[in-house]
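Structure first, commentary second.
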Amino acid sequence: MVGLSEGEKQFLRGGIEQNLRADGRTRNQFRPISVETGVIPQANGSARVRLGATEVIASIKAELGKPSVLHPDKGKVSIFVDCSPTAAPIYEGKGGEELSMELSVSLERCLLGGKSGAGAAIDLSSLVLVEGKVCWDLYIDALVVSSDGNLLDSLAAAIKAALSNTGLPKVNVVLGASPEEQPEVDVSDEEFLQFDTSAVPVIVTLTKVGKHYIVDATSEEESQMSSAVSVSVNRNGQICGLTKRGGAGLDPSVIHDMVSVAKYVSQEFISVLDSEVAAAEASEE
């Protein structure tokens with residue numbers, strides 16, 4: 001928890017009221033973002049994202065598996081978040097475990113449509129090689145290295161960048177003589193297919209401080225929030241998921257306005273993120 005004096009709280013709230021935050025940004029501005037890809041050689045894809053002083057790493061591991069009985073036409077994606085105790089003292093012990101679980105669940109809701117996979121922003125059907133028989137299982141592991149607010153948006157950006165960096169080995173499938181037989185698979189060591197991230201959204205969190213809501217809140221700003229709404233939006237401006245935290249209730253008209261702002265802000269954020277990812281991948285070559 002960030003400890004602020006009464007004067008610091010008034011200064012912070014007054015700046016947001018005047019649309020000039022403590023670090024010079026307006027209410028709807030993100031901090032500078034930087035991206036590195038391929039930071040974990042053993043993974044199928046990985047990325048490091050820095051958003052201001054917040055730093056996170058995401059890695060993708062792909063393994064062949066079998067689709068679930070309930071969703072034979074879909075692959076599987078699991079998201080696990082770990083908050084390093086070095087990122088903030090509050091992450092030591094139970095506090096870090098609870099936040100890790102909260103972030104993992106929020107990311108699944110916004111990117112995968114929850115546990116069921118219904119309405120997933122990541123196309124799970126593209127991960128199926130043989131319906132009901134063979135699919136890709138993607139394990140997404142994310143680590144919070146340094147925390148200065150807005151972890152959810154940073155993690156989603158890192159996951160999108162890591163997926164863009166992901167190459168899935170080409171697989172040749174030989175079907176069995178009968179439908180009951182498990183197909184034989186030959187996984188290439190040389191040919192890889194790039195994961196399509198065109199529909200993968202970003203997350204924009206609107207944090208309510210006083211009468212106003214702000215984008216990309218710092219830890220100090222989050223310490224003064226009453227509630228926050230996180231909206232996942234793709235490049236077509238479509239809403240893929242939404243989650244809320246904080247005890248204070250919000251009027252439906254306020255949520256509608258927050259979603260509209262998130263849709264507007266997301267398009268510039270996607271553009272900047274795409275440019276950073278392209279630059280990072282070019283530097284790898």
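Worth pointing out:
- Across LYS211/LYS263; LYS133/LYS160; LYS170/LYS263; LYS61/LYS208, pairs whose alpha-carbon gap is larger than 29 Å: LYS170/LYS263; LYS61/LYS208
- Carbon/sulfur fraction of accessible area - the range 158-197, other protein chains in place, 1.4 Å, %: 47 percent
- When peptides 156-166, 96-106 are sorted by average Cβ neighbour count within 10 Å, with the highest value leading, the order is 156-166, 96-106.
- Helix 252-284 and the longest principal axis of the C-alpha atoms of the chain enclose an angle of approximately 60°.
- A straight chain from LEU193 to LYS263 at 0.36 nm per residue would run longer than the Cα-Cα distance by 22.2 nm.
- Estimated FRET transfer efficiency when R0 is 35 angstrom, pair LYS66-HIS256 (beta carbons, to 0.05): 0.25
- Extension gain for the segment ASP186 to GLU97, taken as residue separation times 0.36 nm less the Cα-Cα distance, is 28.1 nm to one decimal.
- Working from the Cα coordinates of the range 1-85, the gyration tensor eigenvalues give, after taking √(5λ), semi-axes of 40, 17, 14 Å in decreasing order.
- In order along the range 79-89, the phi-based Karplus estimate (6.51 cos²θ - 1.76 cosθ + 1.60, θ = phi - 60°) of 3J(HN,Hα) comes to 10, 10, 10, 10, 9, 5, x, 6, 6, 6, x Hz; Gly and Pro are listed as x.
- Approximate spin-label separation GLU131-PHE11, in nm, with each point projected 7 Å along Cα-to-Cβ: 6.3 nm
- The alpha carbon gyration tensor of the range 199-285 gives principal lengths a ≥ b ≥ c with a/c of 1.5 or higher and a/b greater than b/c, which makes the shape prolate.
- Efficiency of FRET from Cβ geometry, THR26 and ILE90, R₀ 25 Å, rounded to 0.05: 0.30
- The GNM of the chain, with springs linking C-alpha atoms under 10 angstrom apart, assigns the highest mean-square fluctuation among HIS71, HIS256, HIS212 to HIS256.
- Cα centroid separation - the range 24-83 against the range 85-114, whole Å: 14 Å
- Cα-based helix-to-principal-axis angle, 6-17 vs the chain, degrees rounded to 10: 70 degrees
The values are calculated or read from the model by the stated rules, or taken from the named source; none is laboratory data. From a predicted model like this one, the values you see are computed outputs, not experimental measurements. Ideal geometry is used to build each Cβ from the backbone, glycine not excepted, and the neighbour counts take in all protein chains shown. Heavy atoms of the whole protein, side chains included, go into the accessibility calculation; ligands, DNA and RNA do not. Shrake-Rupley method; radii C 1.70, N 1.55, O 1.52, S 1.80 Å.
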